[in-house]
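The values are calculated or read from the model by the stated rules, or taken from the named source; none is laboratory data. Because the structure is a prediction, the values reported are computed rather than measured. Cβ sites come from the backbone with ideal geometry, for glycine too, and all protein chains shown count toward neighbours.
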Amino acid sequence: MKENGLILGIETSCDETAAAVVERGAHTLSSVVASQIATHARYGGVVPELASREHLRAIVPVVRAALEQAGIALADLNGVAVTSGPGLAGALLVGITYAKALAFANDLPLIAVNHLEGHIHAVLLQERENTSAAKAPKHRDSVESEEPALALVVSGGHTHLYLARPVDDVWHYSLMGRTVDDAAGEAYDKVAKLLGLGYPGGPWIDALARFGDPLAVPFAFAQMKTKAHLAGKAPRTKSAKTAPIAELDRRFMFSFSGIKTAVLRYVELNQMRPEAEARAARLFAQNDGGEPAVKPPQTKDEALALCPQLTLDLIASFQHAVVGDLMKKTFAAAETLGATRILVTGGVAANRELRARFTAESERRGLQIAFPALALSTDNAAMIAAAAWPRLRAGEFAPDDLSADPALALK
Ligand code: KG4
Ligand code: ZN
C-alpha cells in the first residue's frame with residue numbers, strides 16, 4: 001500500500017455535498033463544499049428527498065473538483081473515507097455508494113467515518129494545521145497530547161458531549177451528555193424561522209444578537225430531570241440514538257425545545273407575528289422563495305432596518321440563554337470528569353458569542369479550549385478525511401457491505 005497518507009474524504013450526511021483531500025490527517029490540500037441552502041431555504045429546514053436528489057447531482061463534480069484543486073489523480077490516493085452515519089439515510093447512501101465504487105475501481109481501502117467523529121477531528125485537523133507549519137511531516141503524528149479532551153459537538157442535528165481520548169493514535173469516545181429533544185442548531189433554525197429570518201438561522205441570529213440587549217428577556221433553563229417515561233428510551237433527536245438517557249448524568253443533558261416554545265409565547269404575547277411574517281415575505285420574495293438575497297446585517301442601522309429593537313432584544317436574549325446553558329453543562333462536565341481540554345465543534349461553534357464566552361470562561365478556569373476554523377465548523381469533508389487517517393493506519397477498513405446507519409453511535 002502507498003504510504004503518502006493522501007485520503008479523499010466524502011461527506012453527504014445532510015445538506016452539503018462535500019469532498020476533500022487531506023494528507024496524514026494534518027494538511028488540507030483541498031476542501032470543496034456544495035451547499036444546498038438555496039434548495040431547502042424555502043422550506044425552513046432540510047427536505048430529505050430533495051437532499052438525496054441534490055447529492056446525486058453534485059457528487060461527481062464535487063469529487064472531481066476536490067482532486068483537481070489538490071492537484072492529484074485518483075491513483076495518488078492512499079484511501080477513500082466516507083461518512084456512514086448518523087444522518088439522512090438516502091443522503092448518506094449517495095456518498096457511500098460513490099465512495100465504494102471509487103475505492104473498488106481504484107483498489108483503495110475504504111474507511112467508514114462517523115459524522116460526529118468527523119466534527120471532533122475538524123478541531124484536531126485545525127490544531128495540526130497550526131502546528132505543522134513549524135514541524136516536518138513525519139513529526140506531525142506525535143504532537144498530540146494523550147490527555148482526554150471533552151468535546152462538545154453542537155450543530156443542527158447534534159448537541160452531544162463526549163470524553164475523547166487517543167489510544168495508540170486511534171481516538172475513543174464516551175458519551176457523557178446529549179440533548180433529549182432538539183439540537184441547539186435546530187432551536188436556532190426554528191426561532192429564526194418564527195422570526196421571519198433567513199435559513200439556516202444560526203448566522204442570522206449570530207449577526208443580529210450583537211445589536212440587542214441579552215438580558216431583556218430572562219429565559220431560564222430548568223435543571224434537567226430524567227423523566228420516568230423517557231428513562232431507557234432513545235431521545236427524539238434525528239442524531240445518534242445511543243446510550244439510554246437513564247445511564248447519563250442529568251447535569252450534562254440538554255433540552256432546547258422549551259426555549260423555542262418560550263420564544264413562541266413571547267412573540268404571541270407581544271403580537272410580533274405580523275412583523276415577522278412581513279419580514280419573511282420581504283426577505284424571500286426577492287428570490288422566488290429560495291435563499292434570501294439579503295445577507296445578515298453587519299451594522300446596527302442595517303439590523304434596525306430589518307428588525308425593531310424589541311425583536312433584536314428577543315434574539316440577543318435567546319442566544320445569551322442558549323450559549324449560557326451550553327457553557328454551564330460543558331464546564332460542569334469538564335470539572336466533574338477532570339478534563340483540562342475542551343473542544344467545541346459543529347455548525348453552532350461558528351457562533352461569535354459562543355466562541356467569546358467559552359474562551360473567556362476557559363481562561364478563567366485555566367482550561368485549554370479549541371475550535372475549528374469557521375469553514376471547518378459546519379459540515380465539510382476535510383474533517384472526514386482527517387478522522388480516517390488514524391483508522392487507515394490501524395487497518396480499520398469498512399466492510400464490503402457497508403451501508404448507511406442513520407442512527408450510528410460514536411464509540
Ligand atoms: O454542522 P452543521 O453544518 O450541520 C449539522 O451537522 O447539523 O450545522 C448546521 C447548524 C445549523 O443549525 C445552523 O443554523 C447552525 O449550525 N449555525 C450556527 C451558526 N452558523 C451555523 N448557529 C449559530 N451561530 C452561527 N454563526
Ligand atoms: Zn454536522
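Inside region 360-410, can you point out the residues that are more than 16 Å from ligand 1 (Cβ to nearest atom) and in contact with a His (Cβ under 6 Å, 6 or more places away or on another chain)?
The answer is none; no residue qualifies.
Would you be able to tell me the number of residues in region 346-384 that are away from ligand 2 (no atom under 16 Å from the Cβ), of a type in the set (D, E, K, R) and in contact (Cβ under 8 Å) with a residue 60 or more places away in the chain?
Count: 2.
Within region 69-101, work out how many residues are under 26 Å from the mean Cα position of the chain (by Cα) and part of a helix (DSSP H, G or I).
So the count comes out to 14.
Quick check on THR340: is it within 21 Å of SER13 (Cα to Cα) and of a type in the set (S, T, N, Q)?
No.
Give region 166-184 a look and list any residue that's more than 8 Å from ligand 1 (Cβ to nearest atom), of a type in the set (A, V, I, L, M) and crowded, with 21+ Cβ neighbours inside 10 Å, or say none.
MET176, VAL180
Take the residues in region 185-201 that are of a type outside the set (Ser, Thr, Tyr) and within 13 Å of PHE256 (Cβ to Cβ), then tell me which one is surrounded by the fewest Cβ atoms within 10 Å (Cβ to Cβ).
The selected residue is LYS190.
Out of all the residues in region 13-43, which are over 22 Å from LEU125 (Cβ atoms) and either surrounded by fewer than 19 Cβ atoms within 10 Å (Cβ to Cβ) or modelled with pLDDT of 95 or more (or both)?
ILE37, ALA38, THR39, ARG42, TYR43
Quick check on region 54-67. Is at least one of its residues within 14 Å of ligand 1 (Cβ to nearest atom), of a type in the set (Gly, Ala, Ser), in contact (Cβ under 8 Å) with a residue 24 or more places away in the chain and not in a loop (DSSP other than H, G, I, E, B)?
no
Evaluate region 185-196: report whether one residue or more is in contact with a helix residue (DSSP H, G or I) (Cβ under 8 Å, 6 or more places away or on another chain), closer than 23 Å to ILE369 by Cα and within 11 Å of ligand 1 (Cβ to nearest atom).
Yes, region 185-196 contains at least one residue that is in contact with a helix residue (DSSP H, G or I) (Cβ under 8 Å, 6 or more places away or on another chain), closer than 23 Å to ILE369 by Cα and within 11 Å of ligand 1 (Cβ to nearest atom).
So, of the residues in region 44-63 that are aliphatic (A, V, I, L, M) and touching a Gly at 6+ places or on another chain (Cβ under 9 Å), which turns out to be modelled with the highest pLDDT?
Per the criteria, the residue is ILE59.
Starting from region 253-266, keep only residues that are among the β-branched types (Val, Ile, Thr), then list their pairs with residues that are in a helix (DSSP H, G or I) whose Cβ atoms are within a distance under 7 Å, requiring at least 6 positions of separation or different chains.
Filtered contacts from region 253-266: ILE259/ALA187; ILE259/PHE318; ILE259/ALA321; ILE259/VAL322; VAL263/VAL191; VAL263/LEU194; VAL263/LEU314; VAL263/PHE318.
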